[in-house]
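Report on one structure; see the data block that follows.
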Amino acid sequence: MESNQETAFSAVSVAFSSLGRVCLALDRQLRVLHVSGALDDLLGPGASRAWSGRSIAEFLGDELFGEAGPLRQALLAGERREGWRAWLRVEPSGTLLCSVTVAPLQHAPAGVCPKEAAYLLVLRPAEEDEATRGLAPTAFGGVIARSHGMTRVLKLVQSLQSSEASVLLTGESGTGKGLLARAIHDHSPRRAGPFVAVNCAALPEQLLETELFGHVRGAFTGAVRDRVGRFELAAGGTLFLDEVGDVPLHLQAKLLRALQERTYERVGESRSKDTDVRVIAATHRDLKRAVEEGRFREDLFYRLRVFPIEIPPLRTRREDVEPVARYLLARVGARSGRELRFSPEALRALLAYPWPGNVRELENALEYAVTVAPGQTLQPEDLPPEVMGRTGVTDGPPPPPAGALERTVARPRAARSNGAVPPCEALVGALESSHWRVTEAAGALGVSRTTLWRWMREYRLSR
Ligand SMILES: Nc1ncnc2c1ncn2[C@@H]1O[C@H](COP(=O)(O)OP(=O)(O)OP(=O)(O)O)[C@@H](O)[C@H]1O
Ligand SMILES: [Mg+2]
């Protein structure tokens, strides 16, 4: 940076540090061009030097500044975002919660800023900011939160960073249990180790046992070679027992022993093996009730829920809908290389809908919308019919807006070019058996997600 530019930037920096803020200039690739010395006051000596020339995503996280990060997307679209929360990684002690504001730099007079400076970022510690907590969105490990309920969940996750305690995540389907399990692992002492997930609901008892513990050759017909179990694969890392409420009683005893005594036997072998895993379990079931009804072992229940975290349903934390929707839209759009935004009406429709399928349903609705939307701005008529239905002024299904009708009429050709549209019942069957997870259903039908969305649109299918 030339010296008069440096002087100009230093003057700005001093003004910002007097306000308790750190000021950074970023180039088009979101690399740090200049950072005020106030960063050293925040993070320790040498921090500002260490940041220079590096990508801002390295410090503030991919969830905000990666390819699909909402703040990157906002800057690329020439927009300003204020007061987003981010956790700064502070080695070795942990993390620091910050408030981040970003804006495109506006035509500065020559000599004030280096030519490459494209964006401005202002950072301030937000730890003490109890009064406003819950108002600004936070991102941690890919989890976006603005509501009190979800910010509390993130706080719990954060407090687990140096712990190896077993965690039990509960919450309705689609609330983000899988995502949180991953975030906990990624910020745990075992983050360098493997993260191994088992879906306990997906397999019959015998297969689940081999899946978990492995088997030796000849253990049963068809066991032609040894098989490594998930407990072994997860050694040194985290074992994620998804849908743990579905583990059959007989296997619960073996699971308890593996967790409590840290030993288990492979199927078909009597020699014990030691385990070294941290367990995170999740379920959408009411385990306490399952215990009362004798379907789930009480001792296993307490062994798993050393650290219980309950994720509230999306309908009870409406403040999250907008930031999560923006985040997911950027992610979905990035997959097809599109920069998309919501029209105010579309956003209003999203906010008015109760989201019984939680964030997963929101994500599916956005994928649907992105597929059918012709332009860059999503309109209400691009959203799935059930989302629209809730905001209509009339009872019953609202008449399709003119634009949507034209598009529906114009589209069947495109859908059919991917092969004949199967009968409606076949689509419903595939969707039902995949719990309306479009990716899975599309896989089962052997078509792309986009094709399935188009077919669903043709039959006006929705959950
Ligand atoms: N707070 C959030 N911020 C951003 N993305 C989220 C959030 N919560 C959930 N998601 C996204 O929503 C989708 C569903 O989340 P996830 O699969 O973790 O839910 P789940 O509770 O495990 O659901 P299920 O019970 O159906 O398995 C994922 O794509 C996830 O990345
Ligand atoms: Mg899940």
Neighbour cut-off at most 12 other Cβ (10 Å), DSSP loop, trypsin sites (Lys or Arg not before Pro), the stretch 170-246
Arg217, Arg225
Where Rh is the Kirkwood radius over Cα pairs, Rg/Rh for the chain
1.02
At 0.36 nm per residue, and after removing the present C-alpha to C-alpha distance, how many nm does the segment from Leu76 to His250 gain when stretched out fully?
57.1 nm
For Phe220, Phe16, Phe59, ascending order of other Cβ atoms within 10 Å (fewest first) is Phe220, Phe16, Phe59
Determine the dipole magnitude for the chain: charges of +1 sit on the beta-carbon of Lys and Arg, -1 on that of Asp and Glu, nothing else is charged, the reference point is the Cα centre, and the result goes in debye to the nearest 20.
560
Working from the pairwise distances between different alpha carbons, so that the mean of 1/r is found and then inverted, what is the stretch 281-339's Kirkwood radius in Å?
14.6
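How long are the semi-axes of the ellipsoid equivalent to the stretch 224-323, from square roots of 5 times the Cα gyration tensor eigenvalues, in whole Å, largest first? Intermediate values should be presented prior to the final figure.
Working: eigenvalues 179, 61, 28 Å².
The three semi-axes for the stretch 224-323 are 30, 18, 12 Å.
Report, in cubic angstrom per residue, the convex hull volume of the C-alpha atoms of the stretch 3-128. Intermediate values should be presented prior to the final figure.
Working: hull volume 12.7 nm³, N = 126.
So the per-residue Cα hull volume is 101 Å³.
Which helices count as membrane-span-like in the chain under these terms: full DSSP H, at least 15 Å along the axis by C-alpha, Kyte-Doolittle mean of 1.6 or more? Each step should come with its number before you reach the end.
Details: long enough: 3-18 (22 Å, 0.26); 148-159 (16 Å, 0.07); 249-260 (16 Å, 0.33); 321-335 (21 Å, 0.35); 358-372 (22 Å, -0.01).
Correct list, ordered by number: empty.
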Expressed as a whole percent, how much of the Cα-Cα distance distribution for the stretch 151-310 exceeds 29 Å?
16
What net charge is computed for the residues neighbouring Thr263, neighbours being all others with C-beta under 13 Å from the C-beta of Thr263, Lys and Arg scored +1, Asp and Glu -1?
0
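Using the Cβ atoms and a cut-off under 13 Å, what net charge is assigned to the surroundings of Arg341, where Lys and Arg are +1 and Asp and Glu are -1?
Here the count lands on -2.
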Please report the net charge: other residues with Cβ closer than 12 Å to the Cβ of Asp286, K and R +1, D and E -1.
0
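A short reminder: the numbers here are calculations on the coordinates, not readings from a lab. For clarity, every value in this text was computed on a predicted model and none was experimentally measured. Glycine gets a Cβ as well: all are built from the backbone with ideal geometry, and neighbour counts include every protein chain shown.
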